[in-house]
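J.: Submitted below is the structure of interest, expressed as structure tokens.
Since every read-out is calculated from the coordinates, none of them should be taken as a lab result. Here the structure is a predicted model, which is why all the values come from computation and not from measurement. Cβ coordinates were reconstructed from backbone atoms using ideal geometry, including for glycine residues, and neighbour counts include every protein chain displayed.
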Amino acid sequence: MSEASVARGEEMLALIERLYPICRSITGQGVRDTLAIIAEHVDLRVTEVPTGEQVFDWQVPREWVIRDAWVKDDDGRKVIDFAAHNLHVVSYSDGVHRTMSREELEPHLHSLPDHPDWIPYRTSYYNRGWGFCLSQRQRDALSGERFEVCIDAELIDGSLTYGEVVIPGETDEEIVFYSHVCHPSLANDNLAGLAVCTFLVQALAGQRRRFTYRFVFGPGTIGSITWLARNEERLGDIRMGLVAVLLGDRGPLRYKQSPSGDAHIDRIVPRALADRGHEAIVEPFSPYGYEERQFGSPGIRIPTGRLSRSANAGYPEYHSSADNLDLVSGESLAESLAVLERVVDIIERDACYLNLAGKGEPQLGRRGLYGDSGGKRVGNWEMAMLWVLNQSDGSHTLLDIAEKSGLTFAEVAAAADNLLAAGLLERLHDSNRKQQ
Amino acid sequence: MSEASVARGEEMLALIERLYPICRSITGQGVRDTLAIIAEHVDLRVTEVPTGEQVFDWQVPREWVIRDAWVKDDDGRKVIDFAAHNLHVVSYSDGVHRTMSREELEPHLHSLPDHPDWIPYRTSYYNRGWGFCLSQRQRDALSGERFEVCIDAELIDGSLTYGEVVIPGETDEEIVFYSHVCHPSLANDNLAGLAVCTFLVQALAGQRRRFTYRFVFGPGTIGSITWLARNEERLGDIRMGLVAVLLGDRGPLRYKQSPSGDAHIDRIVPRALADRGHEAIVEPFSPYGYEERQFGSPGIRIPTGRLSRSANAGYPEYHSSADNLDLVSGESLAESLAVLERVVDIIERDACYLNLAGKGEPQLGRRGLYGDSGGKRVGNWEMAMLWVLNQSDGSHTLLDIAEKSGLTFAEVAAAADNLLAAGLLERLHDSNRKQQ
Amino acid sequence: MSEASVARGEEMLALIERLYPICRSITGQGVRDTLAIIAEHVDLRVTEVPTGEQVFDWQVPREWVIRDAWVKDDDGRKVIDFAAHNLHVVSYSDGVHRTMSREELEPHLHSLPDHPDWIPYRTSYYNRGWGFCLSQRQRDALSGERFEVCIDAELIDGSLTYGEVVIPGETDEEIVFYSHVCHPSLANDNLAGLAVCTFLVQALAGQRRRFTYRFVFGPGTIGSITWLARNEERLGDIRMGLVAVLLGDRGPLRYKQSPSGDAHIDRIVPRALADRGHEAIVEPFSPYGYEERQFGSPGIRIPTGRLSRSANAGYPEYHSSADNLDLVSGESLAESLAVLERVVDIIERDACYLNLAGKGEPQLGRRGLYGDSGGKRVGNWEMAMLWVLNQSDGSHTLLDIAEKSGLTFAEVAAAADNLLAAGLLERLHDSNRKQQ
């Protein structure tokens, strides 16, 4: 890993560390505070969508305001305290302030018997109620029969908040990246995704690009539904999407396919992984997961894949206080970013070319494009040119050629550049069109 | 296995026991006697087709009448006796009554050197002749030089007999089950198939069904050819066929594909097997076997598969006296029947639906269709609904969804029923149409 | 291996032995001498294409005339001598005659440190220069500081030479075999290919054939480009091509697919290999190799595969003096020839038939086409007929049927012949048409 990569990994870790203590939920000040910090790094436009607005089958929910929460025992000691860890309150809990018996309190408590030191993460978004999460050890240590319970919270008419960065390209056709912003103090899920996307924006900002890239940082489910509903008339411009989340833990990178399983994005990401030397772990689409569920719904069907590391309960620390800063590494973050840069590179450069000298092979030697001594094996450089020439009959793209030849996309694309410069190729069209 | 299943297994065994002693052939009284017993259980219509009637490339053969048959040695002892086992006479033998030398007799004897206690089953339908089958031990014990040989049999102008049960449904479109009735005292081949089909008729009779189901009990080869020829103008109504034979032995259930290998029936039966917990053993079509040969012939091509256990020489007792009552088990029969009920269930319920709220996911929670605490894994119940919603874009059927999701067909179909009731789905058409 | 095969193997070895000493290159007298010897066996037409003629992107190069070449040391001893082995001179070297220092000589010397006794084969076709090849041992033994270097060679305006044999068939549609003739004293690469093709011509000459077969013996790359350019208006008549080269070593036969990977030839050759009992080793197309590169170029795209044994650096002796007469065996040559005869047999006989009695199975017994005792297993003979009858619905060819059934092509084709003779089949068309 290069020194620059190590440095970027450290910077991403620093961003995650700053965002970690904030108590986020699907709506509310925590999301606004998070987006404000991201806006220090990239040109972020924030949208507030008022409570009650109809978004497809849903309504924008009320905004959650949480000020304090605790449980005190008979002795007045705070035995559970939101100030100590914001996972202690079930997210989106109703306000409550009462003294109650242990028997009454018990159904409102959540803990993990198998991981007695971890606090679970629980939400109650669409069914009203309240609750506390605590470690099993804390729970076992609770004593006394009466408890004073306080959640100083309310649901108000406010708004749902999301942020967007748009990096314009030569055309209005868009590639959308989505990363969820609604989880409280969970480092991998999904401060890691937010950090990697933020730094990907920085990396792309300086380049000339064919496509427009849009990064959306919004809450899960209701956030992507809201964004899709508000942008419905523009969705036809979106070529493909990628949900980039949970990218910081030490597990291997894995790609989840779009619903069709054979969209352009479904070939691009595995190629980028392979070209970076990763064994490409590819999972078929399933309707459970993150925002790929909404982008891939039958009335939307934007071809959208997902890149993550140990996503969706694939790691024991998932949705618990153990998904903390120790779980994420600078190296993992930097490698995730490097793969995404490859993904963008393939999206930008993949195209369909036509061999203009397609009767037999053209004489590469007299154009200085071929090694000079016959009788020996040729290298990847020459092989890439032979492959591009042979396959450029108008029905194969550079990505097709990389897949067939076993060469990296970068080798194939470089060969196409050389042959284009030598006047042997014509660029027909970018290849995404044919894939959709 | 449920008590009801065990009871049904016993009833099927009892039916097989009653049918076992009858000497059946491709024509004649044995077939009529067999159908008469089946008619005690189900509403059977019997058809007699006169000898000589042209059926496609064939003519209905004469009817075989067998009264007695034996071989006596020098001492007048019956050394082979049809009265002891009806496999002793080659089926469809000509009559003969003569004294002859051992040398003359020998070419007319059939035995199994590798299984010295078993009597083989041999036929001589389309090449005139006569013969006796006997165990190798019997043969080795034959002594003397002269034998009196008697087969009191004749071929007369009569008829070929088959039986049919029709269970009408909401439409005239038919599903046909065929099971052969021509074999003499062989228990698995095919009294087992006849018993399972008879009890399947009983199970279906009480239900409301979309399709019409027809069960044909007729002789092999000439029987199905005769039935197809006599029903030629109606074949267009038949959606698919299933040959259900040899279903009583203790071997695993196995499915043989239709000629195309990708007909609707080719997906339905393996799904039913998998959903009942069987490892789905699927064999490609081959033009050797039972009535799937005729239903799958190029001028007919009704998509027809076959469900059997150890079919076609797949078990040592095949076509011998060892295919007797000991070979079949009530448990095997009951499980074969249970799988066929699943097959019918999938045929009836498979359909293509349209998600009416396809932009993003609909909010299942407010419709009471979703678990109430966020942050935890969802169960098969919710997954089935998410799968049906995501895939119901008009191009996937419930069977497609079961295959993709790894859920059972029943789980997926139940989810569709729930979503239909909630007004979130519309039924487009039953899915068989598109598969053909 | 039959006695006749052994004899043919010996004859092919004898031809290779005669051709071995000739110094061939892409142009010049060596090619002419080689073709003259082949012309003693088959009816060869030789074409001379003048230097400078434009052929697609290339020009026909000048003709190489080599008379002598050597390097003498200080003592006047010839330390490298073309007369001893014609690999000693880099093929197509410019003339040179000068005394020079060892330092100046060194960059012009080529040897193989890993195989110290072998002389490498090197060419300098399209970059002017000169050089010597020698064994590493020879090189290590060079002593002294001054060397007299002489290559008595020149490039003259002359011609490029290729030979063709055409075996006319019932139609003008052609099958083309190509085997390169440009390598000097290398036995497997490609005197083996030339010998096998020559004897294949002899084998075909006596038969009645549907297709016209053309064998081209020409130089590599520029030879096939020249032949394609000169025959451009006729290329539409060519159904498929096969490059038949390097067929004499002791490695297994391997087939390299055409660019599409699913052309008719891509199924024919693996079938022929399997039917001769070979494990079919099939490699995907790659744009490196022999004349399949030119036949498969995007402006030509004649479906062309390649049959060889240890082609393209797949054996250590490749492109060195160790590719000598010891490397090739009569048995390998004879088996290569036998496989190619099967290939031609499939090309000739593959066709699509229609079952004229397709409603049910026709009654084979009364036509004498079926075994006479029922109840026993049927053999390949009957199975082949059942397969042909079942599949001959106008959409399957005999090759399809062989692939599906696991029977050999010969068994399936014989069944079709029988059924055709019995009036049960009609020949619709030869099957190549549909594959292209």
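J.: Treating only the Cβ of Lys, Arg, Asp and Glu as charged (+1, +1, -1, -1), what charge dipole size does the stretch B:123-259 show about its Cα centre? Round to the nearest 20 debye.
T.: Here the stretch B:123-259 has a charge dipole of around 580 debye.
J.: Can you list, shortest first and in nm, the gaps between the label point of C:G368 and those of its counterparts in the other copies, using a point 7 Å from Cα in the C-beta direction?
T.: 7.9, 7.9
J.: Then there is this: Just the C-alpha atoms of the stretch C:184-242: what Rg/Rh do they give, with Rh taken as the Kirkwood radius?
T.: Using only Cα positions, Rg/Rh for the stretch C:184-242 is 1.01.
J.: Using the beta-carbon distance between B:D33 and A:D114 and R0 = 56 Å, what value does 1/(1 + (r/R0)^6) give for FRET efficiency, to the nearest 0.05?
T.: Numbers: r = 67 Å, r/R0 = 1.19.
The formula returns an efficiency of 0.25 here.
J.: Translational diffusion coefficient of the stretch C:88-234 at 37 °C, 0.692 mPa s, Stokes-Einstein with Kirkwood Rh over Cα pairs, in µm²/s as a whole number.
T.: For the chosen part, D equals 177 µm²/s.
J.: If you don't mind, another one. Compare the peptides A:123-133, C:392-402 by average per-residue count of other Cβ atoms within 10 angstrom and give them in order, highest first. Write out the running numbers ahead of the final one.
T.: Details: A:123-133: 19.2, C:392-402: 21.1.
Top of the packing list down: C:392-402, A:123-133.
J.: Treating only the Cβ atoms of Lys and Arg (+1) and Asp and Glu (-1) as charged, compute the dipole magnitude of the stretch B:1-156 about its Cα centre; round to the nearest 20 debye.
T.: In total the dipole reaches around 140 debye.
J.: Give the distance, in whole Å, between the Cα centre of the stretch B:264-323 and the Cα centre of the stretch A:312-368.
T.: If you average the Cα positions of each part, the centres end up 47 Å apart.
J.: Okay, next question. Taking the alpha-carbon distance from C:K359 and a cut-off under 17 Å, which aspartates and glutamates remain once sequence neighbours fewer than 8 residues away in the same chain are dropped?
T.: Partners found: B:E53, B:D57, B:E232, B:E233, B:D237, B:E291, B:E292, C:D393, C:E426.
J.: A further question on this structure: Residue of A with Cβ nearest the axis relating A to C, plus distance in whole Å?
T.: A:D262, 11
J.: Also, quick follow-up: Starting from 0 in steps of 20 Å, tell me what percent of the Cα-Cα pairs of the protein assembly as shown lands in each bin.
T.: It works out to 9, 25, 28, 26, 11, 1, in whole percents.
J.: Under the rule of at least 5 residues apart or a separate chain, name every residue whose amide H is placed under 5 Å from the amide H of C:L428.
T.: Those qualifying (amide H under 5 Å, at least 5 residues apart or on another chain) are C:C352, C:Y353, C:L354.
J.: Another one. Does the stretch C:19-71 come out rounded, prolate or oblate by the C-alpha gyration tensor, with a ≥ b ≥ c the root eigenvalues, rounded set by a/c under 1.5 and, if not, prolate when a/b is larger than b/c and oblate if not?
T.: oblate
J.: Would you mind checking the pairs B:K256/C:K404; A:K256/B:K404; A:K404/C:K404 and listing those with alpha carbons more than 19 angstrom apart?
T.: A:K404/C:K404
J.: Rank A:I38, A:I281, A:I225 by mean-square fluctuation in a GNM of chain A with C-alpha springs under 10 angstrom and give only the top-ranked residue.
T.: Among A:I38, A:I281, A:I225, the largest mean-square fluctuation in the Gaussian network model of chain A belongs to A:I281.
J.: Using the Cα centre of chain C as origin and beta-carbon charges of +1 (Lys, Arg) and -1 (Asp, Glu), tell me which of C:G289, C:A192, C:L364 is placed farthest towards the positive end of the dipole.
T.: C:L364
J.: Here is a follow-up. Can you list the HN-Hα couplings for the stretch C:126-143, worked out from phi with the Karplus curve (6.51, -1.76, 1.60; θ = phi - 60°), rounded to whole Hz and with x for Gly and Pro?
T.: Coupling constants for the stretch C:126-143: 10, 10, 4, x, 8, x, 10, 10, 7, 6, 4, 4, 4, 5, 5, 8, 4, 9 Hz.
J.: Work out the charge dipole of the protein assembly as shown with +1 on the Cβ of Lys and Arg and -1 on the Cβ of Asp and Glu about the Cα centre, then indicate which of B:I156, C:L327, C:L428 is farthest towards its positive end.
T.: The residue sitting farthest along the positive end of the dipole is C:L428.
J.: Starting from a label point 7 Å past Cα on the Cβ side, list the distances from B:S143 to the same position in the other copies, nm, shortest first.
T.: Nearest first, the other copies' label points are 10.1, 10.1 nm away.
J.: Bin all alpha-carbon pair distances of the stretch A:199-277 at 10 Å intervals from 0 and give each bin's fraction as a whole percent.
T.: 13, 39, 41, 7
J.: Would you mind checking the radius of gyration and Dmax of the stretch A:246-341 based on alpha-carbon positions, in Å?
T.: Looking at the stretch A:246-341, its Cα Rg and Dmax stand at 13.7, 40 Å.
J.: Per the Cauchy relation, a quarter of the hull surface: what is the mean projected area of the convex hull of the alpha carbons in the stretch C:147-279, in nm²?
T.: In nm², the orientation-averaged hull projection of the stretch C:147-279 is 11.8.
J.: Kirkwood hydrodynamic radius (Cα pairs, Å) of chain C?
T.: 23.8
J.: Report, largest value first, the span of the C-alpha coordinates of the stretch C:81-127 along each principal axis, in whole Å.
T.: Dimensions of the stretch C:81-127 along the principal axes of its Cα atoms: 29, 24, 23 Å.
J.: Could you work out the per residue convex hull volume over the alpha carbons of the stretch C:32-100, in cubic angstrom? Working shown, then result.
T.: On the way: hull volume 9.4 nm³, N = 69.
Once divided by residue count, the hull of the stretch C:32-100 is 136 Å³.
J.: Taking a ≥ b ≥ c as the square roots of the Cα gyration tensor eigenvalues, with a/c under 1.5 meaning rounded and otherwise prolate when a/b beats b/c, else oblate, which class fits the stretch C:107-167?
T.: Cα axes put the stretch C:107-167 in the oblate bin.
J.: Would you mind giving the three semi-axes, in whole Å and largest first, of the ellipsoid equivalent to the stretch B:300-353 according to its Cα gyration tensor?
T.: For the stretch B:300-353, the ellipsoid semi-axes come out as 30, 16, 7 Å.
J.: Quick one: grab the alpha carbon gyration tensor of the stretch A:157-217, order the square roots of its eigenvalues as a ≥ b ≥ c, and give me rounded if a/c is under 1.5, else prolate or oblate depending on whether a/b is larger than b/c. Show your work: numbers first, answer last.
T.: Working: a/c = 3.19, a/b = 1.65, b/c = 1.93.
Oblate.
J.: Taking the label point 7 Å from Cα in the Cβ direction, how far apart in nm is B:R427 from each other copy of itself, listed shortest first?
T.: Computed spacing set for this position: 5.4, 5.4 nm.
J.: Please list the radius of gyration and Dmax for the stretch B:141-189, considering alpha-carbon atoms only, with Å as the unit.
T.: 21.3, 68
J.: Ok, one more. Mind pulling the angle between the C-alpha long axis of helix C:193-205 and the longest principal axis of chain C? Nearest 10 degrees, somewhere in 0 to 90.
T.: Around 40 degrees separate the two axes.
J.: For chain B, what proportion of DSSP beta bridges, expressed in % and rounded to the nearest 5, is antiparallel?
T.: 65
J.: Go through the stretch A:352-359 residue by residue and turn each phi into a ³J(HN,Hα) via Karplus (6.51, -1.76, 1.60, θ = phi - 60°); whole Hz please, and just put x for glycine and proline.
T.: Result, ordered by residue: 10, 10, 10, 6, 7, 10, x, 8 Hz.
J.: So for the stretch A:201-360, what are the equivalent ellipsoid semi-axes in whole Å, largest first, each being the square root of 5 times an eigenvalue of the Cα gyration tensor?
T.: Semi-axes, largest first: 27, 21, 16 Å.
J.: Round to a whole angstrom and tell me the spacing of the C-alpha centers of the stretch A:216-257 and the stretch B:213-263.
T.: The stretch A:216-257 and the stretch B:213-263 have Cα centres separated by 50 Å.
J.: Still on this structure, I have one more. Between 0 and 90 degrees, rounded to the nearest ten: what's the tilt of helix A:380-391 against the longest Cα principal axis of chain A?
T.: Between the helix axis and the principal axis of chain A, the angle is about 80 degrees.
J.: Amide H of B:Y213 versus every other amide H placed in the peptide plane: which residues, excluding those fewer than 5 positions away on the same chain, fall under 5 Å?
T.: Long-range HN contacts for B:Y213: B:I167, B:G169, B:I175.
J.: Write down the Kirkwood hydrodynamic radius of the stretch B:1-160, to one decimal in angstroms, obtained as one divided by the mean of 1/r over all alpha carbon pairs.
T.: Computed over the stretch B:1-160, the radius equals 17.8 Å.
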